[in-house]
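K.L.:
I'd like to ask you about the structure that follows.
Read-outs throughout are calculated quantities, based only on the coordinates presented, and are distinct from any laboratory measurement. In this text the structure is predicted, and so the values were computed from the model without any measurement. Methodologically, a virtual Cβ is constructed for each residue, glycine included, from the backbone with ideal geometry; neighbour enumeration extends over all protein chains shown.
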Amino acid sequence: MRYLLNVLRRINSKYYKKSILSIILMLTIITLSGCDLADLAGSKETKTVTGTEIHFDTVMSITLYGEDEKVLNKALEDSFHKVESLEEIFSAQLDSSELSIINRDIASGKAEFNISNELCDVIECAIRVGKSSNGALDITIGNLINLWGIGTDHEKIPTDEEIETALENTGMEYIGLDVDKGVLSVKSSNVQLNVGAVAKGYAADVVKNLILEENPSIYGILDFGGNIITIGSKTDGSKWKVGIKNPIDTNAVYGGVSIDDLSVVTSGNYERYFTVGNIRYHHILNPASGYPADNGIISATIIGKSSMVCDAYSTACFCLGIDEAIKLVNSNDEIECILIDNEGNAHFSDNMSKYNFIKE
């Protein structure tokens, strides 16, 4: 019933069908990467449970494996309850969310906020990645995101004047965070926070930890709308094989990597967009220009331990372009990357070979 209510609440989203296709493609990716469902289970005695719900305007799928189906079902139910509670914190679309309430208060002139631990964690990560990427990740541009309206019923190409107004007095330098006190400070009433580039990754990390706390023997895969996180390794000791969508032909797989207990997050220009003429206007906006990022990357995949960190860097790298993105990733021991350019060529960080990337 709760799943049905979630569907009904978001059934008007124009990207619902795209998200369903994404889930279907993900199952195809697993198979093409040499990892069918029987292989995932590891043995005939292993039980499997799978659940799908819509949160953060994205279809989210969880598949878990273990010996006790009752335990697996409880972990699955608890996981989606947790995601739902996180959506009430991070969503920029829900008027009742903590983030939406803060944004309304910012617009009215309030400058300091006591925030939840969850929001504090997400903003702390965003500030860190924003600084390391020279502002390529910027969570203060909510007005710009709303102006373009990509993924809504009011998407449009704004004028240069509208973009300039939306970006005025925004930027990561306009926010500060006292982590110890959990206090957010904002220096401009034109700031509107949008943590969409970080929140799904955070949710994946939290759910993974919740599942393992309930039963450390559970293993599986979470697919949170392009954020893939694996729990442990398969019972036979082999690695999970995770596919990467081809950004030029989204019905196909570009290639795959072999990982265990890691996250794979991809940002692409094919996820949410509208077209005018022959030009695609996608949802990853460059804070420097105010337009959809167009620096030669059409897909940025980041691999690392934390899905939140991977989520944040995938957006930053997409905006930076090939050379600067590779430089950024190589300076960070937490992550590796695969970047696909406009011509469909792949570019790798220095240590990507450890994940055994194979092009399809």
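K.L.:
I'd like the Kirkwood hydrodynamic radius of segment 240-360, using the inverse of the mean 1/r over distinct C-alpha pairs, in Å.
P.N.:
14.4 Å
K.L.:
Then there's this: For q values of 0.19, 0.29 Å⁻¹, compute log₁₀ I(q)/I(0) with the Debye formula on a Cα-only model of segment 157-218, without solvent.
P.N.:
-0.88, -1.13
K.L.:
For segment 98-186, would you read off the P(r) tail past 22 Å as a percentage of all alpha carbon pairs?
P.N.:
Counting every Cα pair in segment 98-186, those more than 22 Å apart make up 32 percent.
K.L.:
Cα centroid distance between segment 64-136 and segment 171-207, in Å?
P.N.:
Cα centres, segment 64-136 to segment 171-207: 10 Å.
K.L.:
One-quarter of the Cα convex hull surface for segment 133-280, in nm²? Working shown, then result.
P.N.:
Numbers: hull surface 50.7 nm².
The Cα convex hull of segment 133-280, projected and averaged over all directions, gives 12.7 nm².
K.L.:
If you don't mind, another one. What's the exposure ranking of Val257, Val71, going from fewest to most Cβ atoms within 10 Å?
P.N.:
Val71, Val257
K.L.:
In which sequence would Ile303, Ile244 go, from the one with the fewest C-beta neighbours within 10 Å to the one with the most?
P.N.:
Final ranking by Cβ density, sparse to dense: Ile244, Ile303.
K.L.:
May I pose another question? Using the C-alpha gyration tensor of segment 48-197, what are the square roots of 5 times its eigenvalues, in whole angstrom, with the largest one first?
P.N.:
So the three semi-axes of segment 48-197 are 32, 19, 14 Å.
K.L.:
For each of Ile101, Ile127, count neighbouring Cβ atoms within 10 Å of the residue's Cβ, then give the residues from fewest to most.
P.N.:
Arranged by neighbour count, lowest to highest, Ile101, Ile127 become Ile101, Ile127.
K.L.:
Is the shape of segment 310-354 rounded, prolate or oblate, going by the alpha carbon gyration tensor and its root eigenvalues a ≥ b ≥ c, with a/c under 1.5 for rounded and a/b larger than b/c for prolate?
P.N.:
Note, shape of segment 310-354 comes out oblate.
K.L.:
Now for a separate question. What pairs in Lys110/Lys305; Lys110/Lys327; Lys200/Lys234 have C-alpha atoms more than 32 Å from each other?
P.N.:
Lys110/Lys305; Lys110/Lys327
K.L.:
Please state, as a whole number in µm²/s, the translational diffusion coefficient that the Stokes-Einstein equation yields for the chain at 10 °C and 1.306 mPa s, with Rh defined as the Kirkwood radius across alpha carbon pairs.
P.N.:
In µm²/s, the coefficient is 77.
K.L.:
Only Cα pairs under 8 Å and at least 6 apart count here; give the relative contact order of segment 98-186 as a rounded whole percent.
P.N.:
39 percent
K.L.:
Before rounding to the nearest 500, sum -39500 (n - 2.57) across all DSSP H runs of length at least 4 in the chain and divide by the residue total; then give [θ] at 222 nm in deg cm²/dmol. Display every interim value, and only then the final one.
P.N.:
On the way: 11 runs with 133 residues, N = 360.
For the chain, the value works out to -11500 deg cm²/dmol.
K.L.:
Same structure, new question: Check Gly171: other-chain or 5+ apart residues with amide H under 5 Å from its amide H, H built from backbone geometry?
P.N.:
Thr140
K.L.:
What are the aspartates and glutamates whose alpha-carbon lies under 19 Å from the alpha-carbon of Lys354, with same-chain residues fewer than 8 places away excluded?
P.N.:
Asp260, Asp261, Asp333, Glu334, Glu336
K.L.:
Which whole-number percent is the relative contact order of the chain (Cα, under 8 Å, 6+ apart)?
P.N.:
It rounds to 17 percent for the chain.
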